[in-house]
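Read-outs throughout are calculated quantities, based only on the coordinates presented, and are distinct from any laboratory measurement. Since the model is a prediction, treat every value here as computed from it, not as a measurement. Note: ideal-geometry Cβ built from the backbone for every residue, glycine included; neighbour counts use all protein chains shown.
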Amino acid sequence: FLTASILLGDVMARKRREFAAMVTLLRERAEASIALGDLAKMALVAKKAGGQPLWAVTGENCSLCGCQGRDLRNIPEGDVCRRKWESSLARLGRAVEASPKALAGLARDPWGSPYLLNENEGESPDFPCLPDTVASAGQNGILGDADDIVVSVPDAFCPESR
């Protein structure tokens, strides 16, 4: 009876830990999704206010390029991926007159990775209506796999989107 009680206690403790981890992950994913939605809105406002595509606002045509396939959580300050994001976020913030506090809250996802931006709209004459996107590399910090969270920024200049 004692052995069965101990085993049952261990099983119940493991289930509680698994449940707590799942709740935490769901909360973190919701937090990242809200931030990505805020970034997408900010990007659309910047595009419309300046009358130019997002790549002209941020000075990059692919802020996330060079960030794929590696762990982005807690990357060092000088890393190209982090520098591109911080520069793009600062320029985006200036374009919409966002407060430093608001921008600081959008600097990193809940797992420590920088959010990522791919400025596509108007980038190529062959595909002028590719959507801009903002992304989180997700819990594992690796961009390009199944746990990523990606949000499209609404088009501002494509005739099909108006």
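Per-structure values
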read-out: Under 30 Å from K48, Cα to Cα: lysines that are on another chain or at least 8 residues apart; value: K84, K101
read-out: Euclidean distance between Cα centres, segment 119-160 to segment 15-39, Å; value: 22
read-out: On Cα atoms only, tilt of 80-96 relative to the major axis of the chain in degrees; value: 60
read-out: Theoretical ellipticity at 222 nm over the chain - DSSP helices of four or more residues, -39500 (n - 2.57) apiece, nearest 500; value: -16000 deg cm²/dmol
read-out: Karplus-derived 3J(HN,Hα), 6.51/-1.76/1.60, for each residue of segment 102-114, Hz, glycine and proline x; value: 4, 5, 4, x, 10, 6, 9, 7, x, 9, x, 7, x
read-out: Along each principal axis, Cα extent of the chain, largest first, Å; value: 74, 36, 30
read-out: In degrees, nearest ten, helix 2-50 long axis to first principal axis of the chain (Cα); value: 10
read-out: Rounded to the nearest 20 debye, dipole of segment 64-162 from Cβ charges on Lys, Arg, Asp, Glu; value: 480
read-out: Protection-proxy order for peptides 83-94, 16-27, each taking the mean of Cβ atoms within 10 Å per residue, highest first; value: 83-94, 16-27
read-out: Under 15 Å, Cβ to Cβ, from G138 - net charge with Lys/Arg +1 and Asp/Glu -1; value: -2
read-out: Placed amide H near I142: partners under 5 Å, 5+ positions off or other chain; value: L72
read-out: Alpha-carbon gyration tensor eigenvalues x 5, square-rooted, for segment 2-57, Å; value: 50, 7, 4
read-out: Net charge contributed by nearby residues that have their C-beta within less than 14 Å of V11 (K/R +1, D/E -1); value: +2
